[in-house]
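Presented below is the structure to which this report refers.
The values are calculated or read from the model by the stated rules, or taken from the named source; none is laboratory data. Not measured: the values here are computed from a predicted model. No Cβ is skipped: glycine too gets one built from the backbone with ideal geometry, and neighbour counts run over all protein chains shown. Side chains included, ligands, DNA and RNA excluded: accessible areas come from the protein's heavy atoms. Shrake-Rupley method; radii C 1.70, N 1.55, O 1.52, S 1.80 Å.
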Amino acid sequence: MNTIYSINGPVVKVKDTDDFSMLEMVYVGVKKLVGEVIAVNSEETTIQVYESTTGLKPGEPVSGSGMPMSATLGPGILSNIFDGIERPLRKLEEISGAFIAEGAEVSSLDTVKKYSVTIKVKVGDKLCGGDIYAVCPETPVIEHRCMLRPNLSGEVVWTAPDGDYTVNDTVVKIRKPDGSEEELTLCQKWPIKQARPFTKRLPINRPLITGQRVIDTVLPIAKGGTAAIPGGFGTGKTMTQHQLAKWCDADIIVYIGCGERGNEMTQVLEEFSGLVDPRTGKSLTDRTILIANTSNMPVAAREASIYTGITLAEYYRDMGYHIAIMADSTSRWAEALREISGRLEEMPAEEGFPAYLPSRISEFYERAGYVESLNGREGSVTIIGAVSPQGSDFSEPVTQNTKRFVRCFWALDKALAYARHYPAINWNDSYSEYTDDLGEYYEENVNSDFLKYRLEITKILHEENKLMEIVKLIGSDVLPEDQKLVIEIARVVRVGFLQQNAYHKDDTYVPLEKQFLMMGAILNLYTSSKKAVEAGVSTADLLKTGLFEKVIKIKYDIPNDKPEMFRLLNVEIEQGIKKLTQEVLSL
């Protein structure tokens, strides 16, 4: 029998054994704590334990499972709340109360609940990996499609009649190429650290529409893309992710609370439970998966929570759904890597992080993508990861390495957050590499001038940034009138376009058409004012017309469903400035 030799926090060692294989899931101690083999040599086996090792003693038994750390995939995942190793927290609360007991053995999915199953195959059908053999309504808004495991194929020899079944009931039997039979239930297992296969990657050319103007217009993200939200304490990382989770046009949301404070995670759970899905009018939890791994939970489970979340996302992607993952925060995951690495006495790299930190970050973000699944359906996984650099220092290793592997960088700014400018994304420090990829979509679905308007708006913001350096030195009074105008128009862009009010019915979510028309109105104001300035009108006189404030307020004054009001606004802008110009010239 294999027994524990040494214990160092979550790191446990077993001496003189060759019974375990790399990345095998094992059960440690009398309480059967869940662990994973992370190093093997001729003398000892090193195990990372995903539960608290308090009270564990040398000499206690260690047994192998013969399989890697895996997630159970089947109906019942949606609307559920899991810990880092896919144990349902509601069920754990029933067993052990508010605090999770070590070694609590509980099934990931409800094995008693019955689902109304429709069988999609008949006897004699040839099935390959990924083929759908049964479907059932998992929630009122999502149909669950039971798929053959990617590494399995065979001929259907028996099917159950349509009816109500639990996740462990056999609904189909197939004969494999070697002649043996396999029973198919509604669920399957998949190793969390192994990406699920697909037929091919597809071009990333459709936006993930969020209704947030600074994202959709200035810094867009594509479906199947990757984005990082770095920001110091209090800059609004979690709130930005909440807003994206509620409004983005993904079919399913996977929210991973990785190492966050317990009270913050509680707030997330309570808020998500009470949110009404704007797409369906039903509860948002009907298409949400929550993984809660708070800062007081075992540190090693933070690493597992990230992989569990992405595996669940890939499973639904293969059904043909579009998934958005909110990982909050990957910095806590990296800190868990650092702690485990320190206990393993590995050579530290920058700031004590392990040398393999970049490869782990890249492995995670590389599992995003827009793909054609094995059954021919299109699906995507979009990853939006929050990063929490200490002291808002974006030069620290986690932020810098994340920046290497994502194509969208939304840098949150403490000054903007404290000025109540939300989302507090600093447009000067942020970037998106998806803009050109999405050009064709904007042209076909919004307007051919969309990217042209976006370019003009960003030019104004960059020009303002340069001018503000001068203003800080010598003040704004010495600037020529055309540069004063740029500063005023930039203020209209910042306050009227980039800043959004999550509590206003028309401003919390803005469709792309209205975003385009708002840009058009701002640029119309700029073009008309520029002509007036060239004719001798001062910027101060232009401000007195009230048109600048009127354009700032269009986000509230023009409802999302009344785009025709923009035509009247543009006429009012042009006539108001023309009238002012004539009055000035007549003096």
For residue 392, solvent-accessible area (1.4 Å; no DNA, RNA or ligand), Å²: 40
Degrees separating the helix 512-534 axis from the principal Cα axis of the chain, which is the longest one: 30
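Roll a 1.4 Å probe over the protein chains and send me the accessible area per residue for the stretch 42-113 in Å².
Details: 3190 Å² over 72 residues.
Ligands and nucleic acids excluded, the figure is 44 Å² per residue.
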Accessible area of residue 564 in the full protein assembly, 1.4 Å probe (Å², nearest 10): 110
Interchain or long-range residues, amide H under 5 Å from residue 411's placed H: 426, 430, 431
Probe 1.4 Å, all protein chains present, accessible-area order of 178, 541, largest first: 178, 541
Percentage relative contact order, the chain, counting C-alpha pairs under 8 Å, at least six apart: 13
Neighbourhood charge, 15 Å Cβ-Cβ cut-off, centred on residue 23 and excluding it, Lys, Arg +1 and Asp, Glu -1: -2
Degrees, to the nearest 10: 330-343 long Cα axis against longest axis of the chain: 40
Eligible lysines near residue 237 by straight Cα distance, threshold 25 Å, same-chain separation 8 or greater: 223, 246, 403, 414, 505, 555
408, 187, ranked by accessible area, largest first (probe 1.4 Å): 187, 408
Inter-label distance, nm, simple model (7 Å from Cα along the C-beta direction), residue 503/residue 41: 6.0
Angle in degrees between helix 262-274 and the longest Cα principal axis of the chain, rounded to the nearest 10: 80
Spatial separation of Cα centroids for the stretch 396-457 and the stretch 115-149, in angstrom: 39
Rounded accessible area of residue 422 (nearest 10 Å², 1.4 Å probe): 90
Portion, in percent, of the accessible area of the stretch 498-587 that falls on carbon or sulfur, probe 1.4 Å: 55
Signed unit charges on C-beta, dipole axis of the stretch 183-315, positive-most listed residue 313, 232, 242: 313
Length released on extending from residue 205 to residue 431, taking residue separation times 0.36 nm less the Cα-Cα span: 79.7 nm
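How much length, in nm to one decimal, is gained on full extension between residue 8 and residue 362, taken as 0.36 nm per residue of separation minus their Cα-Cα distance? Can you show the working numbers first?
Working: separation 354, 0.36 × 354 = 127.44 nm, distance 2.83 nm.
Extra length from residue 8 to residue 362 when fully extended: 124.6 nm.
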Given [x] 92, 74, 55; [y] 95, 52, 49; [z] 101, 56, 40, the label whose value is Cα extents along the principal axes in Å derived from this model: [z]
Residues whose placed amide H lies under 5 Å from that of residue 60, excluding near-sequence neighbours: 4
Stretchable slack from residue 420 to residue 534, in nm (0.36 nm times residue separation minus alpha-carbon distance): 37.5 nm
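With every protein chain kept in the model, how would you rank 420, 491, 87 by accessible area, 1.4 Å probe, largest at the top?
Numbers: 420 160, 491 65, 87 25 Å².
So, going from the largest accessible area down, we get 420, 491, 87.
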Proximal aspartates and glutamates to residue 530, defined as alpha-carbon separation beneath 19 angstrom and excluding residues fewer than eight positions away on the same chain: 456, 463, 464, 477, 481, 482, 488, 541, 549, 572, 574, 583
Lysines whose Cα lies under 18 Å from that of residue 472, excluding same-chain neighbours fewer than 8 positions away: 484
Accessible surface of the stretch 355-496, 1.4 Å probe, proportion on carbon and sulfur as whole %: 45
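So what is the calculated 222 nm ellipticity per residue for the chain, using -39500 (n - 2.57) for each DSSP H run with n of 4 or more, over all residues, to the nearest 500 deg cm²/dmol?
On the way: 16 runs with 192 residues, N = 587.
Value at 222 nm, helices only: -10000 deg cm²/dmol.
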The stretch 1-101, accessible surface, carbon-and-sulfur percent (1.4 angstrom probe): 52
